[in-house]
1. Where in segment 12-41 is the amide nitrogen less than 19 Å from a point lying 7 Å along the Cα-to-Cβ axis of Leu131?
2. With everything on Cα atoms, drop me the angle between helix 102-122 and the longest principal axis of the chain, reported from 0 to 90° to the nearest 10.
3. Tell me, which cysteines of the chain are without a disulfide-compatible partner by the Cβ under 4.7 Å rule?
4. When the chain is fully extended, how far beyond the present Cα-Cα distance does Arg43 get from Arg29, taking 0.36 nm per residue of separation?
5. Over 10 Å intervals from 0, what percent of Cα-Cα pairs in segment 1-117 sits in each interval?
6. Can you tell me the length gained on complete extension of the stretch Lys9 to Lys69, counting 0.36 nm per residue apart and subtracting the Cα distance?
7. Give me the distance between the Cα centres of segment 74-109 and segment 121-139, rounded to whole Å.
8. Order of Asp41, Asp60, Asp68, Asp54 from fewest to most other C-beta atoms within 10 Å?
Amino acid sequence: MSKALKDKKVLLVYDKECPACNAYCQFVRIRETVGELTLVDARESSEVLKEITDIGLDIDQGMVLKLDKQIYYGSDAIHALSLISSRSGIFNRLNYYFFRSKRVAHWFYPLLRSCRNLLLKLLGKSKINNLEVENNSRF
């Protein structure tokens, strides 16, 4: 990895109130050569959430990885994250081996998202609704 890559900002925007999303984000580690991963709670106002909203991405439908100026959404985010992740620890090795395939990530991510939505519905959580769609506050 080049020094230029290490100097990039790495932001992961996710729903901290989702127990599955929060656990994933707490366990995932990126390689030191890439930089430091900053976790951003999508339920709190931030510059990156405004940017995500401005380009029309629905945070309730996918996490966002921002690597410097490049934005990855949903299955592309989990795929890109697997490629820059550390291989230390069983969780990170499994994350890499499972999601390093773009095809597998694209196939599996909607299933993960459906499980997340069901979990949040059972927990009585509201949607983030960053796009402010009318009548779109509940799962």
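Readers should treat all values here as calculations from the given coordinates under stated rules, not as data from a laboratory. Keep in mind it's a predicted model, so treat the numbers as computed, not measured. Virtual Cβ from ideal backbone geometry, glycine too; neighbours counted across all protein chains shown.
1. 13-15
2. Taking Cα atoms only, the helix is inclined about 40 degrees.
3. Cys25, Cys115
4. 2.8 nm
5. Values per bin, smallest distances first: 14, 48, 34, 4.
6. Values: separation 60, 0.36 × 60 = 21.60 nm, distance 0.82 nm.
Stretched fully, the Lys9-Lys69 segment lengthens by 20.8 nm.
7. If you average the Cα positions of each part, the centres end up 27 Å apart.
8. With the fewest neighbours first, Asp41, Asp60, Asp68, Asp54 line up as Asp54, Asp68, Asp41, Asp60.
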